1. With every protein chain left in place, what is the accessible area per residue of segment 160-291 in square angstrom, probe 1.4 Å?
2. If the viscosity is 1.002 mPa s and the temperature 20 °C, what translational diffusion coefficient in µm²/s does Stokes-Einstein give for segment 42-126 when Rh comes from Kirkwood over Cα pairs?
3. Label points 7 Å out from Cα along the Cβ direction at ASN325 and GLU51: separation in nm?
4. Alpha carbon centre of segment 53-118 versus segment 139-189: separation in Å?
5. Hey, if you put +1 on the Cβ of every Lys and Arg and -1 on every Asp and Glu Cβ in the chain, which of ALA327, MET189, VAL153 ends up farthest toward the positive end of that dipole?
6. Looking at the chain as a GNM with Cα springs under 10 Å, which of THR244, THR55, THR206 has the largest mean-square fluctuation?
7. Throw me the Rg/Rh for segment 127-179, computed over C-alpha atoms with Kirkwood Rh, two decimals.
8. If you plug each phi of segment 212-221 into the Karplus form 6.51 cos²θ - 1.76 cosθ + 1.60 with θ = phi - 60°, what whole-Hz ³J(HN,Hα) values come out, in order, with x for Gly and Pro?
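The values are calculated or read from the model by the stated rules, or taken from the named source; none is laboratory data. Because the structure is predicted, anything quoted here is derived from the model rather than measured. Note: ideal-geometry Cβ built from the backbone for every residue, glycine included; neighbour counts use all protein chains shown. Surface areas here come from the heavy atoms of the whole protein model, side chains and all, with no ligands, DNA or RNA. Shrake-Rupley method; radii C 1.70, N 1.55, O 1.52, S 1.80 Å.
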Amino acid sequence: MPTILGYAAQDPSTPLAPHRFQRRSVGADDVQIEILYCGVCHSDLHTARNEWKNTLYPSVPGHEIIGKVTAVGSNVSAFKVGDVAGVGCMVDSCQSCPSCAEGLEQYCESGFTGTYNGPVFGGENTFGGYSDSIVVKQQFVLRISHSDNLAAVAPLLCAGITTYSPLRQWNVQPGHKVGVVGLGGLGHMAVKIAAAMGAHVVLFTTSPNKKDDALRLGAAEVVVSKNADEMAAHANSFDFILNTVAAPHNLDAFLGLLKRDATMTLVGAPDSPHPSPEVFGLIFKRRRLAGSLIGGIAETQEMLDFCAEHGIVSDIEMIPIQSINDAYERMLRSDVKYRFVIDMASLREEGQAA
């Protein structure tokens, strides 16, 4: 088994630092990928610091992976050496339950295996994309058809599919009025994708200084959610709202903006619960409050192809791996527009110098 260099958290309170570990050898159904770029997701920070109380240490985060195929197993037909490929949030599932049979591996009844931190319901640890290479079953490897700006493609593997999936599930169509709550790593992708689907996109933010950016990204309107008059002007008018905020907040303010039978879907994952919504705001308009995870492999491929067709990538700031701990602190301050991506050449240079 090859020895790999990565960056790992050894416990909740120490910084990520260089760590060597072993990957499995390439099997008949496997694809080996030299990692070129890895996006930095808020889930990485939650996991590294055990904020969800489920972290397996040592923890090598990273599930927004773009790289080059360096070896394939004898049964692999969809990829060849030299291809550009991606790996997202999952590297395995049971492949036999009803959800897996429908291409919804993210809802696998046995629990999917995360690209890092192992199976959802417990099991052997897995190590993610803050590393120089990875070996993944071909069923969980994705084709990348973007021809350039590959670093900015990396966040599509999580932020892109997390927002694309609910927009597709709730059937957003051209002309629909769609709200996006929050303009961060998820929100900026939601604005881009919903606009590309032909929706009239309204961005909700607590920060008036984000208006110009939201309009640049594709929003048709921007509403400062702390302004009661601006919110009231949109009452009962939305076909769909995608709420990307990962901090507890009052959901009723946004539920009241939905039309009858419309849905607000939550994709942000706060570390403490939202205040419970007022039931009458739901029952009198038959409104729906829902949640959504990522997408299955087929839908993730669909999203990548859609984004390539429409020229959509993430807005990123490239960093060397050596800056990851500072990036985490900046991410907590929302000091990034809008996603950090690690240039993994910096890790290889560190390994050669060691």
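1. On the way: 5670 Å² over 132 residues.
That works out to 43 Å² for each residue.
2. On the way: Rh = 14.3 Å.
Value of D from the Cα-based Kirkwood radius: 150 µm²/s.
3. Result: 1.8 nm between the two label points.
4. Cα centroid to Cα centroid, the span is 18 Å.
5. MET189
6. Judging by the Gaussian network model, the answer is THR206.
7. Details: Rg = 14.9 Å, Rh = 13.9 Å.
Over the Cα atoms of segment 127-179, Rg/Rh equals 1.07.
8. 4, 5, 4, 5, 4, 6, x, 5, 8, 9
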